[in-house]
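These notes are about the structure you will find just below.
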Amino acid sequence: MMSYFALPDITPRVLKVWMRNRDVFMATLTVNFLPPLVEPTLYLFALGFGLGNYINEIEGVPYTKFIAPALISVSIMFAAFYECTFGSYVRMYYQKTFDAIIATPLNIDEVIAGELFWGATRGVINASIILPILSIFGLAVYPHSLLVIPFAFLAGLMFSCIAMCFTAITPNINSLTYPSILLITPMFLFSGTFFPLSLLPETVQYISLAILPLAHIVIVVRSLMSGIIEASLLLNIAWMFGATLLVFLLSINLMKKRLIV
Amino acid sequence: MAVDDVSFEVNKGELFGFLGPNGAGKTTAMRIIQCVSPPGGGSLKVFDMDVTRDQRKIKNLMGVVPQENNLDIDFSVYKNLYVYSRYFDIPKRKAEQKIDELLDFVQLNEKKDTMTDSLSGGMKRRLVLARALVNEPRLLILDEPTVGLDPQSRHVMWDKLRSLKKQGVTIVMTTHYLEEAAQLCDRLVIMDYGNILVEGSPSSIIREHIGTDIVEAENTPEVIACLENSNARYEKTGDMVQIYTNDPHDITEHLFSECRLGKITARAATLEDVFLKLTGRKLRE
């Protein structure tokens with residue numbers, strides 16, 4: 001059991017893996033900017049300005065304002081999750097990038113950690129693209145909202161690590177569809193994103209908070225963007241730190257078990 | 001397939017080959033030398049350092065050409081080398097200088113800005129070789145470096161390896177091409193089922209296991225009976241029989257006069273003959 005949470009052997013060389021992924025990202029910049037730019041905008045128009053017309057207020061705020069933080073949160077989740085499932089799997093299995101890197105002084109722990117930090121960075125990038133768009137529509141209160149950017153790193157890291165656990169155990173690339181459909185899609189809809197958690201029965205609310213990482217992200221982002229910051233946020237952030245630490249260790253150890261033969 | 005009983009020593013500046021059928025344990029042996037797979041038991045030292053303890057130091061002094069080209073398809077030729085040199089903490093200026101030098105060495109200077117996807121097989125292989133050299137390794141590991149290359153590309157690769165050897169780089173390689181091994185390797189081992197069957201220089205291995213020449217005749221009961229009578233060393237391979245000898249004239253004369261043979265051919269013995277003799281002719285899949 002302990003071997004699944006053993007401390008990794010990591011040096012600052014992790015940054016070299018991160019830089020490699022950054023360089024690929026920069027080489028294909030235009031196509032990378034499109035999804036985080038277009039997707040949330042579409043949701044904002046369809047749900048916020050479209051469907052929102054039929055909804056007066058949720059928890060005392062207009063519907064667009066209610067879903068705006070969710071759009072950022074969801075985008076962070078998707079960016080990090082897909083980067084470290086399909087993205088990492090392609091690098092690991094098809095491009096053999098990991099094999100190429102571990103022939104250098106870097107070890108597998110550092111390769112995986114670099115991937116995770118890059119996944120987290122994708123979350124930050126997405127948040128940085130969407131936040132200004134939402135701000136144009138007056139959906140973010142400043143300066144509090146700026147905290148969303150560094151927070152996106154923690155949120156992204158959490159989902160990168162969760163994703164990497166699946167990448168480590170998936171028998172093939174198609175099977176990554178399972179966590180995507182059975183975990184990420186429900187989370188996308190039921191984490192207090194498009195309707196408040198308070199609509200759910202009280203027990204279900206607690207269960208949601210206990211097991212749905214996205215629910216915590218949405219609460220924190222919503223509070224930062226509305227400018228009303230309460231002490232209870234520390235609980236959400238503490239939950240995220242704890243969960244991230246566990247899945248960080250687990251994902252690296254699972255990957256080592258997969259790759260060191 | 002793991003390795004079972006493998007002990008070997010590679011001398012400094014030597015070109016050392018690992019041969020064996022698929023599944024013999026060559027790649028596993030390479031992975032252990034590369035500090036990627038841990039040795040299940042026993043120990044291995046590279047530059048007097050333990051592969052289980054000083055991995056970073058060893059890998060810093062080593063270059064690897066893997067069986068599959070794992071180039072970054074999203075990068076140009078130049079960028080591939082540059083990104084790789086970063087993993088070794090090579091300062092930018094020094095890396096740029098080294099990359100220019102290496103692109104000359106592997107004759108890819110004109111392809112500097114080409115994306116690796118559009119390179120030919122031979123070019124990709126040479127780029128992987130250049131990449132393995134960015135850290136000026138003292139030991140170069142190559143896992144089937146010429147697989148799938150046309151004869152021209154293969155010869156260029158051989159030239160490069162010989163010239164690296166001349167520069168004092170120790171080279172360890174695996175190959176399925178026995179002619180290549182005979183041409184390049186100072187010493188080699190033939191492995192099968194995780195064990196080393198023979199070790200030595202190509203010529204000494206051939207001499208020891210076959211002799212200088214092979215005489216091939218048709219596999220008929222008369223020929224076999226005749227060979228039995230004359231105490232010849234031979235092996236049946238389908239409808240042919242191969243006779244191992246150091247004196248092909250003598251044996252051909254003998255066969256002609258005593259055994260009433262029709263067709264016979266004599267040729268020099270090769271590493272391939274030893275290989276098939278030791279590992280058998282059964283398919284490994």
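General observations
- Failed item, numbered, when B:Gln67 is tested on (1) touching a Lys or Arg at 6+ places or on another chain (Cβ under 9 Å); (2) at pLDDT below 95: (1)
- Selection within region A:93-117: residues that are open to solvent by 10 Å² or more (accessible area, probe 1.4 Å) and within 19 Å of A:Leu157 (Cα to Cα). The member of this set that is nearest to the other protein chains (Cβ to nearest Cβ) is A:Ile108.
- Selected residue (criterion: most open to solvent (accessible area, probe 1.4 Å)) from residues of region B:83-96 that are more than 9 Å from chain A (Cβ to nearest Cβ) and free of Cβ contacts under 8 Å to residues at least 40 places away in the same chain: B:Arg93
- Count of region B:97-134 residues, restricted to those that are hydrophobic (A, V, I, L, M, F, W, C) and assigned to a helix (DSSP H, G or I), is 10.
- Number of the condition not met by A:Ser75 [criteria: (1) of a type in the set (S, T, N, Q); (2) part of a helix (DSSP H, G or I); (3) within 12 Å of chain B (Cβ to nearest Cβ)]: (3)
- Every pair of residues 6+ apart whose Cβ atoms lie under 6 Å, when the first sits in region B:68-80 and is more than 7 Å from chain A (Cβ to nearest Cβ) while the second is open to solvent by 60 Å² or more (accessible area, probe 1.4 Å) and in a loop (DSSP other than H, G, I, E, B): B:Ser76/B:Asp113; B:Val77/B:Lys112; B:Tyr78/B:Lys112
- The number of residues in region B:131-149 that are of a type in the set (S, T, N, Q) and within 14 Å of another protein chain (Cβ to nearest Cβ) comes to 1.
- Per this entry, B:Ile58 is not counted among residues that are hydrophobic (A, V, I, L, M, F, W, C), surrounded by fewer than 19 Cβ atoms within 10 Å (Cβ to Cβ) and within 14 Å of chain A (Cβ to nearest Cβ).
- Taking helices (runs of 4 or more DSSP H) as the structural unit, those lying wholly within region A:194-261 and holding at least 2 residues that are within 30 Å of B:Thr28 (Cα to Cα) and of a type in the set (D, E, K, R) correspond to A:233-259.
- Residues (outside any helix (DSSP H, G or I) and among the charged types (D, E, K, R)) located in region A:1-45: A:Asp9, A:Arg13
- When residues in region B:123-137 are screened for being more than 17 Å from B:Glu101 (Cβ to Cβ) and either open to solvent by 10 Å² or more (accessible area, probe 1.4 Å) or hydrophobic (A, V, I, L, M, F, W, C) (or both), 2 of them pass.
The values are calculated or read from the model by the stated rules, or taken from the named source; none is laboratory data. Quick caveat, the model's predicted, so the values are computed rather than measured. No Cβ is skipped: glycine too gets one built from the backbone with ideal geometry, and neighbour counts run over all protein chains shown. Each accessible area value is taken on the protein alone, full model and side chains, heavy atoms only, with ligands, DNA and RNA left out. Shrake-Rupley method; radii C 1.70, N 1.55, O 1.52, S 1.80 Å.
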